[in-house]
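Taken together, the values in this text are just the output of simple stated rules run on the coordinates, not laboratory data. Keep in mind that this is a model prediction, so the values were computed, not measured. Note: ideal-geometry Cβ built from the backbone for every residue, glycine included; neighbour counts use all protein chains shown.
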């Protein structure tokens, strides 16, 4: 640790605010000012006395933290890069593929922000930003890194700050700024900032738990992270006319049109998540016989196959088999299958000659339907069917908007939120927070109920 004996401790400042009084200790280490604020004069005076005592006994002060060497934690002995690799391996065993990807991205940005020297010209910034998440912070691939990647990672390890950098508030601010900024300097999305801060907070708690840091250095309290909203944009919802036109275009698509038509129809009529639809099998679609008058069926969802990427799964597959979101591993969810969807699914099963154990919506080679396939088909359908201004708008921009449209339709039809939440696989609070702005068509009924409370009686005129 770099240190110095050039230290000056100043008189304590007292600030009397309207609500409370604070006490600030000020000192300078090698020309760099430091300050620490306390809520009571006794604690502030004790801290200042410690600083003065350290200078009198000839103790060196850290150039990184501004504190006496005796105050240093074990952070100086731990390299940030080494810690990040250790944290990656500890998280890897108990997290999903998507979470692994997000952890790697957050650690990559943090690592670059904590470099002690600028990248040498022989390294491309893109190669560095690729090598860190793809190999350094990927437990499955780290030992398979090619020589050029290994060279980059060894340089990063040698030039990473120690964990003592987290004891310097200015360095913490630099890291948080990097996590909140895109490469072009523009602000990152609030949801991304919040996700990265959450990951970094888990890493800091891990450091505290293992004795590397004395306390979590990240700022706490309200206002430390940007506000995010989970509410659905009402403009993204698809009206019946647009839905009919889009699904009709998909149905007549030359390659896999009928199969994708049935896939999108299930999202529109039953509201599952795309990763649940690609995992459902023929026997999970409990459809009535053709001769029955009641054409309502049931759809049983019990697993999901999110598309993660083979680099982030333990099996090396693109998809990762998981239970239903927010539920126990073996939990199931039953969703009603309305007659229109029943007819579409029955025709689809017959046309594809599917057997009970087959995937209801297989890919072209019989495996899981790829997300890139149905996303590309949906984007093309929007481009061909919608007017230019509609295509540029949020209207049905994502495949997931079919689910949003279905759940909103159910709520607007007066189905109780608890029932919709059960069919959707959400909690009631999450459902209402997500779709409250989209509920419409019930204003007149609400107005009548308000008026039913009665108006105030007319009072007689004075005199």
Two decimals, Cα atoms only, Kirkwood Rh: what is Rg/Rh over segment 234-443?
0.95
Just to verify a number: FRET efficiency for residue 437 and residue 340, C-beta to C-beta distance, R0 = 30 Å, to 0.05?
0.65
Asserting the computed 222 nm helical MRE of the chain (DSSP H runs at least 4 long, -39500 (n - 2.57) per run, divided by residue count, to nearest 500) equals -13000 deg cm²/dmol
Using a 10 Å cut-off around each Cβ, can you sort 34, 10, 269 from fewest to most neighbouring Cβ atoms?
10, 34, 269
Give the Rg (one decimal place) followed by the Dmax (whole number) of the chain, computed from C-alpha coordinates and expressed in Å.
29.7, 100
Hey, what's the Cα Rg ratio for segment 3-72 versus the globular rule of thumb, 2.2 N^0.38 Å?
1.13
Send over the semi-axes of segment 246-306's equivalent ellipsoid, whole angstrom and largest first, taken as the square roots of 5 times the C-alpha gyration tensor eigenvalues.
20, 18, 10
So what is the relative contact order for segment 366-435, in percent, with contacts set as C-alpha pairs under 8 Å and at least six apart?
18
Any idea how far the Cα center of segment 336-384 sits from the one of segment 298-325, in Å?
17
P(r) histogram, all alpha-carbon pairs of segment 367-449 included - 10 Å bins from 0, percent:
15, 35, 31, 17, 3, 0
Nearest-0.05 FRET efficiency for residue 15 and residue 458 at R0 = 56 Å, using Cβ-Cβ distance, is 0.40
Sequence of 422, 161 once ranked by neighbouring C-beta atoms within 10 Å, starting from the fewest
422, 161
Once both label points are put 7 Å beyond Cα along the C-beta direction, the residue 194-residue 248 separation in nm becomes 4.0
Relative contact order [Cα under 8 Å, 6+ residues apart], segment 3-72, whole percent
32
Whole angstrom only: what separates the Cα centroid of segment 115-181 from the Cα centroid of segment 32-89?
25
Can you give me the Kirkwood hydrodynamic radius for segment 78-209, using every pair of distinct Cα atoms, in Å to one decimal?
15.0
Of the listed peptides 428-437, 398-407, 270-279, what is their order by residue-averaged count of other C-beta atoms within 10 Å, with the highest listed first?
270-279, 398-407, 428-437
How do 69, 344 rank when sorted from fewest to most other Cβ atoms within 10 Å of their own Cβ?
69, 344
Relative contact order as a percentage, the chain, C-alpha pairs under 8 Å and 6+ apart, gives 12
Can you tell me the FRET efficiency between residue 52 and residue 127 if r is taken as the Cβ-Cβ distance and R0 is 60 Å, rounded to the nearest 0.05?
0.75
By the Kirkwood definition, with r running over pairs of different Cα atoms, segment 51-147 has a hydrodynamic radius in Å of 15.9
